[in-house]
Amino acid sequence: MKRTLLTKLTIFLLLISGFSSCTQTSEKKHSNKIAVVISTLNNPWFVVLGESAAGRARELGYEAQIFDSQNNSAKEAEHFDNIIAMGYDAILFNPTDADGSVLNVKRAKEAGIPTFCMDREINSRDAATTQLLSDSFTGCVKLGQYFVRQMNKKGNYVEILGIVGDNNTWNRSNGFHSVVDEFPDLKMVAQQSADFDRNKAMDVMETIMQANPQIDAVFCGNDAMALGAYQAVLAAGKADKVKIFGFDGSDDAINGIAEGKISATVMQFPVQMARTSADLADEYVKGKRDFSTKTPVEVVLVTSENVSKYQTKK
Amino acid sequence: MMTMSKTLKYTIGIFAAILVVYLSLDIQNLEKHKAASAPASFNIVDYTARFWNDSLPASIASAPQLSDLLKVLNENPENAFTKFGHKLGISKTYYFMAKGKGTIEKVEPEFLVLSLNEKTKVKVATDFIYGNAVREGSGKVNINYFLNMTDFNNVSVAINKLVKEKVVSRLKKSAEIGYVLEFAGAFEVSEENIDLSTLLIIPVSVKLSDGKSD
């Protein structure tokens, strides 16, 4: 009787422990490796983001590898396949597409690998462990107010958008328009995408100027495009008549503001964003699980009034 | 022996029952659960109406007097940030909600200059109502509820629109020098540059009187 009871108890406890282990996420062994997946390394801004993230991961004692998605979601999916197969501890991720990248992050999560999004957002509340994002919308609300005042509330302007599948493109555009559209004498004569690319922006601006000779200002979704637009207006002999506004706070744009070529930009802090993401990944590896799903990072409006403060430091 | 065996059986039975109940429960953080179960398509009109009618009055009710808050900001900014301020993510900007009463000294195209007392003057915005001061100053909007930053930011736009429609348009029409303004409002302060002379309050509730009658 006693033996039967003991046997039953043992079987019962074994079953219970079996169920219990099934209900918990499998704890994987640490590989001491962190993957940094960047949308494109064909843009210096993202190179800074990627290298800062990898650099901080190495400082924290991890082996860090950078993967370039080349703005191609298929390439990005391949990187995730490899990262999952190789059992990385965490992914510091700059996505190619707000919707298209969600599945990759979910696959990593199912494999027990946390993802920390940097700068670009994915449309999911729970796939990524957290998302550190420049507060682009708020930055462009500030830029929009400055734009309105610089234009004395009237004039024709052009908007050159970034990649249309990227939330940042629309956060910037919507932030800008949430202010500027309230002033009926400010008229947008053209709106076109140049994929955050300087050369494309130059071509786009040249074409727009042919159809619209009277342009007073250009708002660009990043500084690379602002500099491309500036080249186009310079070539057309209109550099002193057209005000150019950008976003990013790149060194070229900051110097452009100091030299009077660019009216304003919004400075982001990619180094801070990347390093903080690596710190958070390290905290995750060490056991922390309670993260806010989104962490906006403040941006700063840079104009001729405060440009000296940003010419050397970032 | 028989009694012992029964006691052991009951103990094991109770233990097993507790284990089964425990294992069948999934305890989650309420905030995270609310965030996860937020609707996929976000209704900005409903959300903002709830904010305006429920959350904002609660925030105003618990807001400090502006003159008291300014005193703490002057004397011990860290204390003011911790006790009354709200910060969004990684930022050097703190947002506040406060209430007070003052006399209108100037009516400018974009703001009113209000004298709270002999020494303290503040500006109350009547144009360029933009930014996140009201959303963040209220402390009532949780970023984790939103699917993306677009929805989250649209809340600020919608709140600012209500401020213009329900508060500022009336204030702009009726404000005159010498009138007494009782108000609640939100404002931002940068921890890098605590210059209270540039403080601009976005009003969310106003009551004007000519300063002579009650």
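What to note about this one:
- 1 or more residues among the basic types (Lys, Arg): qualifying strands (runs of 3 or more DSSP E) within segment A:238-314: A:243-245, A:294-297
- When A:Val271, A:Val266, A:Val302 are screened for being under 25 Å from B:Thr150 (Cβ atoms), within 14 Å of another protein chain (Cβ to nearest Cβ) and either open to solvent by less than 70 Å² (accessible area, probe 1.4 Å) or within 22 Å of the chain's Cα centre (by Cα) (or both), only A:Val266 passes.
- Some residue of segment A:169-178 being of a type in the set (A, V, I, L, M, F, W, C), open to solvent by 10 Å² or more (accessible area, probe 1.4 Å), closer than 30 Å to A:Ala90 by Cβ and outside any loop (DSSP other than H, G, I, E, B): yes
- Extreme residue, nearest to A:Pro114 (Cα to Cα), among residues of segment A:131-156 that are among the hydroxyl-bearing types (Ser, Thr, Tyr) and open to solvent by 10 Å² or more (accessible area, probe 1.4 Å): A:Thr138
- If the condition is being touching an Asp or Glu at 6+ places or on another chain (Cβ under 6 Å) and modelled with pLDDT under 95, then segment A:154-197 contributes A:Ile163, A:Gly165, A:Asn167.
- Single unsatisfied condition, A:Asp197 versus (1) within 11 Å of another protein chain (Cβ to nearest Cβ); (2) within 22 Å of A:Gly100 (Cα to Cα): (1)
- Taking the conditions (1) within 12 Å of chain B (Cβ to nearest Cβ); (2) out of contact with any Phe, Trp or Tyr (no Cβ under 8 Å at 6 or more places or on another chain); (3) not hydroxyl-bearing (Ser, Thr, Tyr) in turn, A:Asp251 satisfies each one other than (1).
- Residue match in segment A:233-252 (condition: among the basic types (Lys, Arg), touching a strand residue (DSSP E or B) at 6+ places or on another chain (Cβ under 8 Å) and farther than 30 Å from A:Ile91 by Cβ): yes
- Pairs with Cβ under 9 Å, 6+ apart, first in segment B:167-182 and within 15 Å of B:Val122 (Cβ to Cβ) and open to solvent by 80 Å² or more (accessible area, probe 1.4 Å), second not charged (D, E, K, R) and not in a loop (DSSP other than H, G, I, E, B): B:Glu182/B:Gly100; B:Glu182/B:Gly102; B:Glu182/B:Ser205; B:Glu182/B:Val206; B:Glu182/B:Leu208; B:Glu182/B:Ser209
- Subset of segment B:74-129 that is buried (at least 20 other Cβ atoms within 10 Å of the Cβ) and aromatic (Phe, Trp, Tyr) - its residue that is farthest from the other protein chains (Cβ to nearest Cβ): B:Phe84
- Number of positions in segment B:163-175 that are away from chain A (no Cβ under 14 Å) and either under 15 Å from the mean Cα position of the chain (by Cα) or part of a helix (DSSP H, G or I) (or both): 7
- If you go through segment A:83-106 and keep only what is assigned to a loop (DSSP other than H, G, I, E, B) and either closer than 27 Å to B:Thr150 by Cβ or among the hydrophobic types (A, V, I, L, M, F, W, C) (or both), you end up with A:Asn94, A:Pro95, A:Thr96, A:Asp97, A:Ala98, A:Asp99, A:Gly100, A:Ser101.
- Residue within segment A:97-105 that is open to solvent by 10 Å² or more (accessible area, probe 1.4 Å), in contact (Cβ under 8 Å) with a residue 24 or more places away in the chain, among the hydrophobic types (A, V, I, L, M, F, W, C) and within 14 Å of another protein chain (Cβ to nearest Cβ) present: yes
The values are calculated or read from the model by the stated rules, or taken from the named source; none is laboratory data. Computed from a predicted structure; not experimentally measured. Here Cβ is always computed from backbone atoms with ideal geometry, including for glycine, and neighbour counts include all displayed protein chains. In case anyone asks, the SASA skips ligands and DNA or RNA and just uses the protein heavy atoms, side chains included. Shrake-Rupley method; radii C 1.70, N 1.55, O 1.52, S 1.80 Å.
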